[in-house]
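First the structure, in the form of structure tokens, and then the observations on it.
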Amino acid sequence: MSEYATMIAVEDEGAGEFLLLTQPFASTKLSAGGIAISPEEWPTLRAAIEAAFAEISLHNAKDHP
């Protein structure tokens, strides 16, 4: 765990599921809505995002056969 970790969550506010990426301990400059992604963390973050979208697709397929 790192204080700079990027959290990925599946959210649904009634119009369908989407991903929400947050950095809880981001600097003040980023807390206005931005995130910071280093080139080194991008492959891991991308894989996690793709897995989360796959989960959403699977969930949607079960709900709408």
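Looking at the stretch 49-65, I want the residues that are farther than 14 Å from Glu11 by Cβ and have a partner that is hydroxyl-bearing (Ser, Thr, Tyr) and assigned to a loop (DSSP other than H, G, I, E, B) with Cβ atoms under 7 Å, at least 6 apart or on another chain. Which pairs are those?
Here the result reads none, with nothing in the stretch 49-65 linked to a residue that is hydroxyl-bearing (Ser, Thr, Tyr) and assigned to a loop (DSSP other than H, G, I, E, B).
For the stretch 47-65, give me the residue count where each residue is more than 15 Å from Phe18 (Cα to Cα) and under 18 Å from the mean Cα position of the chain (by Cα).
1
Tell me, which residue of the stretch 21-44 that is outside any loop (DSSP other than H, G, I, E, B) and closer than 17 Å to Ala9 by Cβ is modelled with the highest pLDDT?
Thr44
When only residues in the stretch 1-20 that are in a loop (DSSP other than H, G, I, E, B) and surrounded by 10 or more Cβ atoms within 10 Å (Cβ to Cβ) count, which is modelled with the highest pLDDT?
Among those residues, the one meeting the criterion is Thr6.
The values are calculated or read from the model by the stated rules, or taken from the named source; none is laboratory data. For clarity, every value in this text was computed on a predicted model and none was experimentally measured. Cβ atoms come from the backbone with ideal geometry, glycine included; neighbour counts cover every protein chain shown.
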